Amino acid sequence: MTDERKVQEALASMMKNPSERDALASIIVEYVQPNHLATDFISGLLRARSLQPGDALVKKVRKGIEVRTLVPGAIHLAQEITVSERLNYILDGADVKVTFNAWEIESGEIGSVQEIRNEMARKLNDFYINKVYSALSTVWTAVNTANNYAAVGGSVTALALETAINRINQTTSGAKAIVGSRAALTPITKFAAYWSRDNTNFDASQTRLDQILKSGWIGEYYGVPLRVVEQTYDNPEDYNKQVPEDKIVVIGENVGDFITYGDVKSKQWTDMNPTPPQWFLEIYQQFGMIIDNAMGIYVLGNLS
């Protein structure tokens with residue numbers, strides 16, 4: 001008997017027992033807790049936190065702490081500390097729901113428990129990353145600002161990218177990341193190993209050339225790390241891209257926050273009306289995002 005068949009039989013035996021289905025649901029929910037997602041990729045773009053019910057959903061600003069020049073013998077002024085509620089998180093929800101009929105469950109044809117929970121975790125991961133990247137890449141357009149948006153009309157160039165980085169360095173405490181799909185960022189490797197000393201002659205960095213030749217990639221450009229949003233597809237049959245490949249975003253420090261609110265919740269049930277019965281498992285969680293310094297985001301668009 002093959003290992004794959006053993007797995008199918010074990011899963012079938014587990015799923016025939018309703019109490020064992022509860023165990024499966026608990027395993028899946030525990031596995032897909034996405035708190036680490038908000039502190040991995042997304043934390044490289046925004047401040048990321050995992051809040052629990054009861055935590056304040058208002059972003060506050062504390063003012064009134066100043067330093068004054070000391071004058072011997074003088075009674076110095078005291079600045080009153082004030083706290084203003086600047087912005088409030090508007091929570092949204094992420095939901096993943098799967099269903100199988102009883103025959104598929106009991107035969108083990110739906111695959112292993114590991115496959116189910118891996119797929120649910122990946123889908124939730126993709127959703128959060130795509131949500132954040134889509135929001136950042138659509139803040140500015142050619143219509144609403146000329147200072148934080150540039151239409152490239154082809155592959156990204158050194159001049160366009162350096163102009164974006166310089167702009168972000170002026171509007172924030174420093175550029176934090178260059179973000180885009182791998183297809184959009186790959187052309188950077190054509191010029192990232194070189195620098196210009198007089199705007200006409202270009203010298204090569206052997207270290208960077210070796211890095212590109214060995215890995216096909218480079219970790220940073222102009223002192224700013226590159227963050228790749230890996231392309232994902234809705235499913236293997238339709239194969240629709242979910243990450244835009246015509247934009248690159250340069251993002252500065254402290255432009256906004258991303259939060260998950262509460263743990264992943266779950267519910268499961270069996271609908272006895274159809275024959276065979278239909279089993280459902282649904283997981284969901286609240287999340288929120290605030291972009292409070294949009295001037296710290298620069299969009300390079302119309303890439304091809």
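The values are calculated or read from the model by the stated rules, or taken from the named source; none is laboratory data. As the structure is a prediction and not an experimental result, all values here were calculated from the model. Cβ coordinates were reconstructed from backbone atoms using ideal geometry, including for glycine residues, and neighbour counts include every protein chain displayed.
Consider the range 148-196 and keep the residues that are among the polar types (S, T, N, Q) and under 13 Å from G301 (Cα atoms). The one that is nearest to the chain's Cα centre (by Cα) is S181.
Would you be able to tell me the number of residues in the range 232-253 that are loosely packed, with under 14 Cβ neighbours inside 10 Å and either within 16 Å of L303 (Cα to Cα) or touching a Phe, Trp or Tyr at 6+ places or on another chain (Cβ under 8 Å) (or both)?
The first filter runs over the range 232-253 and keeps only residues loosely packed, with under 14 Cβ neighbours inside 10 Å, leaving 233-241.
With the extra rule that they be either within 16 Å of L303 (Cα to Cα) or touching a Phe, Trp or Tyr at 6+ places or on another chain (Cβ under 8 Å) (or both), the set shrinks to 233, 239-241.
Residues meeting the conditions: 4.
Considering only residues in the range 129-163 that are more than 23 Å from Q231 (Cα to Cα) and in a loop (DSSP other than H, G, I, E, B), the one that is modelled with the highest pLDDT turns out to be N148.
Among the residues of the range 184-207, are any over 18 Å from S304 (Cβ atoms), at pLDDT 90 or above and among the acidic types (D, E)?
Step one: filter the range 184-207 for residues over 18 Å from S304 (Cβ atoms), giving 192-207.
Now restrict to residues that are at pLDDT 90 or above: none.
Scanning the range 184-207 turns up no residue that is over 18 Å from S304 (Cβ atoms), at pLDDT 90 or above and among the acidic types (D, E).
From the list G288, G256, exactly one residue is closer than 24 Å to T141 by Cβ, crowded, with 19+ Cβ neighbours inside 10 Å and small (G, A, S). Which is it? The unique qualifying residue is G256.
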